[in-house]
Amino acid sequence: MASTEIQNIFAELGLTPPADVGEGGLVIKDPSNGQTLARLATHDEDAALAMVDKAQAAFKKLRNMPGPKRGELVRQMGEMLRTHKEGLSKLVCAEVGKGIEEARGEVQEMIDICDFATGLSRTLGGRTLMSERDGHRMMELWQPLGVVLCISAFNFPVAVWSWNAAIAFVCGDSVVWKPSPKAALCGIAVHELLKPVLEKAGHGDAMQLVLERDVKVAEALVDDARIPLVSATGSCAMGRKVYPRVASRLARCLLELGGNNAIIVDKTANLDLAAHAIAFGAAGTAGQRCTSTRRVFVEAAVADALMGKLEPAYRQLSERIGDPRDSANLIGPLIDEQAVAAFTSAVERAAAAGGDVRAGGKALEGDGNFVQPTLVRVPDGQPFPLMAEETFAPILYVQAFPDGGLDEAIASQNSVEQGLSSAIFTDSVRAVERFYSPDGSDCGIANVNLGTSGAEIGGAFGGEKETGGGREAGSDAWKSYMRRQTCTINGSDALPLAQGIKWE
Ligand code: UN1
């Protein structure tokens with residue numbers, strides 16, 4: 001049997017809890033206390049590929065359904081999520097240890113993207129273009145693409161699927177979802193909750209869920225020539241494995257990989273605002289967002305003042321570490337013991353390299369993967385190589401830049417391999433313009449007077465360099481999920497050739 005808590009959550013969601021397959025099953029452990037939540041059955045390669053068969057057949061039906069009718073199905077999914085927001089939030093909280101308030105935010109992102117996609121379903125469209133030839137018309141048609149493989153990570157166990165799936169469904173695509181094995185219960189619940197919406201309309205197979213714990217299953221999916229788009233969220237290391245495989249069969253990849261996000265604070269900034277944003281960005285979700293703030297570059301004149309705000313804030317945060325089910329706690333656990341080991345090793349190396357650990361620095365004794373949010377003041381005026389590493393934990397490095405050295409700060413911000421999110425706190429229009437100039441932030445997300453994390457779904461989400469270049473969710477991210485057809489119609493009685501070629 002799954003744990004009593006998981007059984008209760010599934011009951012609250014109106015679902016049958018997944019069967020416990022006992023020894024040998026995929027073990028899901030509660031990161032807050034190490035207890036087993038469930039032992040789940042997983043799929044092998046044959047089962048996964050059979051799901052692609054089904055998804056492909058479903059695509060052939062879905063692609064012929066009018067877009068706004070597909071939008072209506074996604075609207076119903078959003079309604080289902082509204083009804084079950086609390087139950088699903090509890091599951092996210094229990095399985096991956098995300099604080100309940102942030103878990104609610106994550107489910108709200110799912111609802112938001114369903115609303116967005118519903119509207120989109122009536123506005124998806126191409127341009128008409130001027131033809132150079134007499135009596136000709138040119139236009140762009142956007143056609144459904146096919147089966148989309150969505151690989152999602154543990155840290156946003158439900159929202160990332162919805163950014164992909166809500167858009168894919170209105171575009172007429174079917175979706176095979178391979179969630180992180182660390183967040184399989186979330187995958188099961190979302191699948192069981194929303195699949196009936198498609199089933200009622202005769203399109204149930206457009207939604208497939210593959211649970212695996214053998215990399216061979218994921219590889220078989222990534223290599224499957226019937227999948228024209230692989231949308232993968234996770235580490236840069238994972239992206240480096242997925243991308244060449246997809247490229248070798250000349251299909252499309254949408255990658256949303258690591259981030260090593262920085263906030264610049266100049267001497268004109270509102271430091272209270274900056275400190276609050278930095279603390280949320282660095283310690284929220286226990287530093288396990290791809291958008292988490294990992295580095296701060298502060299102008300020397302206000303460096304001590306900013307530290308004077310961050311240090312007490314971090315001390316307060318250290319008193320609010322604990323069970324993520326209790327909304328009084330702001331810092332939940334890391335996902336597993338390996339994450340704790342990576343945290344401890346990074347803090348030790350930072351101290352050995354001359355970093356001054358001003359707050360936190362320790363893993364908590366006892367059950368659960370809890371660590372203290374950690375603030376490291378690093379020496380100024382020299383590179384601190386650890387700052388270039390993305391440790392998926394609440395460690396923040398702060399370094400001062402010389403007064404008037406904004407360009408230097410921007411260069412430091414851009415000096416890492418990833419290019420996901422960035423922010424500047426300033427009241428200077430000139431600084432904002434530097435930040436947004438071509439010499440400014442090189443990231444996919446660039447914010448002024450707000451933090452690096454917590455993006456809204458209405459924008460296109462993703463980043464440059466080793467973040468992978470993909471864009472998900474809002475704006476025109478839908479274009480990745482469709483194929484563009486350039487169409488020219490000759491309404492005349494002649495056959496003029498383009499470029500004025502005569503071929504009589
Ligand atoms: C992620 O960490 O993979 O901008 C996604 C944010 C969230 C999404 C994070 N809306 O922080």
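List of remarks:
- Sparsely packed GluC sites (Glu not before Pro) within region 415-467, loop by DSSP, other Cβ within 10 Å at most 15: E417, E456
- Using the Karplus relation 6.51 cos²θ - 1.76 cosθ + 1.60 with θ = phi - 60°, the per-residue 3J(HN,Hα) values for region 378-391 come to 9, x, 7, x, 8, x, 10, x, 4, 5, 7, 9, 8, 9 Hz, with x marking Gly and Pro.
- Across all directions, the shadow cast by the convex hull of the chain built on its C-alpha atoms averages 26.8 square nanometres.
- For region 218-268: rounded, prolate or oblate by the Cα gyration tensor [a/c cutoff 1.5]: prolate
- With θ taken as phi - 60° and the Karplus curve 6.51 cos²θ - 1.76 cosθ + 1.60 applied, the whole-hertz 3J(HN,Hα) list for region 408-422 is 5, 5, 5, 4, 5, 4, 7, 7, 9, 6, 8, x, 8, 10, 7 Hz, x standing for glycine and proline.
- Counting every other Cβ atom within 10 Å of each residue's Cβ, F343, F10, F169 order from fewest to most as F10, F343, F169.
- Value at 222 nm in deg cm²/dmol, rounded to 500, when DSSP H runs of n ≥ 4 in the chain each add -39,500 (n - 2.57): -12000 deg cm²/dmol
- Nonlocal amide H pairs with L254, under 5 Å, H built at 1.01 Å: V230, S231, A232
- The H on the amide N of G34, modeled in the peptide plane, is under 5 Å from the matching H of G368, each at least 5 residues off or on a different chain.
- Amide hydrogen proximity for V27: with H placed 1.01 Å from N in the peptide plane, the residues at 5 or more positions away or on another chain lying under 5 Å are L40.
- Ranked list, fewest to most other Cβ atoms within 10 Å of each Cβ, for S3, S415: S415, S3
- Length available on full extension from L273 to R122: 0.36 nm per residue minus the Cα-Cα distance, which gives 50.4 nm.
- Radius of gyration and Dmax over the Cα atoms of region 261-448, both given in Å: 15.8, 50
- Descending principal axes extents, region 184-259, alpha-carbon based, whole Å: 38, 25, 24
- Fewest-first ranking of V222, V92, V432, using other Cβ atoms within 10 Å as the exposure measure: V432, V222, V92
- Rounded to whole numbers, the Karplus 3J(HN,Hα) couplings from phi for region 288-305 are 9, 9, 5, 9, 4, 7, 10, 9, 10, 10, 10, 5, 3, 4, 10, 4, 5, 4 Hz, using 6.51 cos²θ - 1.76 cosθ + 1.60 with θ = phi - 60°, and x at Gly and Pro.
- Hydrodynamic radius of region 361-504 per Kirkwood, over alpha carbon pairs, in Å: 19.5 Å
Where a number appears in this text, it was derived from the coordinates with a stated rule and is not lab data. Remember, predicted model here, so these are calculated numbers, not experimental data. Note that we place each Cβ from the backbone using ideal geometry, even for glycine, and neighbour counts take in every protein chain shown.
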